[in-house]
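**Student:** One structure is given below, represented as structure tokens, and several questions about it will come after.
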Amino acid sequence: MQTARFGFATPVFYVADLAAARDFYRDALGFAVDTCWPDDGDPRVLILDRGEAHLMFVREDDGEKLSRRAEVRIETPGVAALHKKLAPKVTMEWGPEVYFYGRREFSIRDPNGVSVIFTEEAG
């Protein structure tokens, strides 16, 4: 049986202060802003890059409890086949689905509750 090839992984951090995260990683560590969404002046998602390091931050609204702290997104081809292979072994959280941003994804949880999302370009 062929093993799925995993590419880069992107950690996702859920934070209360997106601007503080941006300033710290940009100003102190030299990351560049790749994506700020929506760009309406009140973003909820921030993606920062430096070399091959890729970090995503999601702002939790003031009224929301920070119910999640982190997740990891793993790039891999053949998401549907991997889903089928893993389904008998783990509990699926959601997916696979194709989302408006052009990615096919599904999610599982590790034993500590961390969300692990497998993702590929949907073509």
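**Student:** Between residues in segment 70-87 that are more than 17 Å from residue 45 (Cβ to Cβ) and residues that are aromatic (Phe, Trp, Tyr) and modelled with pLDDT of 90 or more, which pairs lie under 7 Å by C-beta distance while being six or more apart or on different chains?
**Tutor:** From segment 70-87, the pairs are 74/118; 76/118; 79/106; 79/118; 82/118; 83/106.
**Student:** Can I ask one more? Please work out which residue is nearest to residue 78 (Cα to Cα), limiting yourself to segment 104-123 and to residues that are polar (S, T, N, Q) and in contact with a strand residue (DSSP E or B) (Cβ under 8 Å, 6 or more places away or on another chain).
**Tutor:** First, the residues of segment 104-123 that are polar (S, T, N, Q): 107, 112, 115, 119.
Checking which are in contact with a strand residue (DSSP E or B) (Cβ under 8 Å, 6 or more places away or on another chain) leaves us with 107, 115, 119.
Details: 107: 14, 115: 19, 119: 9 Å.
Result: 119.
**Student:** Do any residues in segment 21-34 that are closer than 13 Å to residue 55 by Cα have Cβ atoms under 8 Å from those of residues that are acidic (Asp, Glu) and not in a helix (DSSP H, G or I), where the two are at least six apart or on different chains, and which pairs are they?
**Tutor:** As it stands, the answer is 31/49; 32/49; 34/49, since those pairs meet every condition given.
The values are calculated or read from the model by the stated rules, or taken from the named source; none is laboratory data. Not measured: the values here are computed from a predicted model. As a convention, Cβ positions derive from the backbone with ideal geometry for all residues, glycine included, and neighbour counts pool all protein chains shown.
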